[in-house]
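Asks: Here it is, the structure, as structure tokens.
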Amino acid sequence: MTPSRLPSAPVVYRCLADLNLFDSPECASLATQAARGRYLFVLSDDIATSGDGTLAVQLWEDDYPGWILEGDRVHLEPVDALPEPPTLSRTQIAAAIPTAIAFAYRAMAVHEYYLWGGTVAPNYDCSGLMQAAFRSAGVWLPRDAYQQEGFLNPVAWPQVQRGDLVFFGTASRATHVGLCLDRRRYLHSSGREIGRDGIAIDVLSEAGDRVSRTYFKQLRGFGRIDYSYKPVGVKFESIVESAQNGLHFF
């Protein structure tokens, strides 16, 4: 698992097709996806796996790392510069919420199943749906549920508004996220084991059905999007060191 041809600086590309990013050089488990038009850094080249080359990469808009298959290089277009990330006021973000909610409803109408790591239609995971919905409205969010919870400003339940996010999980970490439609209903993509294997609307109540009750017991709190995420930039040395040691990024 020794990388060769490590570049002296990461090279920036634009995705010409939807791409899968995996959580290790073996490319056995999906970590996230990059929709066509997104930007990424190629960090290391030709990591040896079972006969197939892989590329260590990091997405630009949310700083998310992963590996792609060497064969997907044909779907990457080198670029000389990155566009400016959006700088939005809370007023502008509030105006974007109807677009994000409309995206989520359209996604619910065509989804097939819950996909761990999914951020591209038709199948999403919970935080991937939130990220894609708000990105469609020009608002950038971090990738994972716990990252989104940390990025948002906390909101008390009585002050929850349409377009806020609701978080579920353990006492120590958010593991699930949904989009509030009001103080009682939320739209989310949930898994097969305790959820609905796809996108649905559930209620925040002990009196709901099995799925609603299960998530209600895991309720952590609510958050409001007051800013659009700004990329931190590639941490090249730490990523390359992880790749050289055969370590996962996650």
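Asks: Hey, among A156, A94, A102, which residue is surrounded by 15 or more Cβ atoms within 10 Å (Cβ to Cβ) and among the small types (G, A, S)?
Replies: Exactly one residue qualifies, and that residue is A94.
Asks: If I filter the range 204-220 down to residues being touching a helix residue (DSSP H, G or I) at 6+ places or on another chain (Cβ under 8 Å) and open to solvent by less than 30 Å² (accessible area, probe 1.4 Å), which single residue comes out as nearest to V166 (Cα to Cα)?
Replies: L204
Asks: Just checking, which of L69, L115, L76, L55 is open to solvent by 60 Å² or more (accessible area, probe 1.4 Å) and more than 22 Å from Y227 (Cβ to Cβ)?
Replies: Numbers: L115 fails: open to solvent by 60 Å² or more (accessible area, probe 1.4 Å); L76 fails: open to solvent by 60 Å² or more (accessible area, probe 1.4 Å); L55 fails: open to solvent by 60 Å² or more (accessible area, probe 1.4 Å).
Answer to the selection: L69.
The values are calculated or read from the model by the stated rules, or taken from the named source; none is laboratory data. Just so it is clear, the structure is predicted and the values come from calculations on it, not from any experiment. Reconstructed Cβ throughout: ideal geometry from the backbone, glycine too, with neighbour counts over all protein chains shown. These area figures cover heavy atoms from the full protein model, side chains too; ligands, DNA and RNA do not enter into them. Shrake-Rupley method; radii C 1.70, N 1.55, O 1.52, S 1.80 Å.
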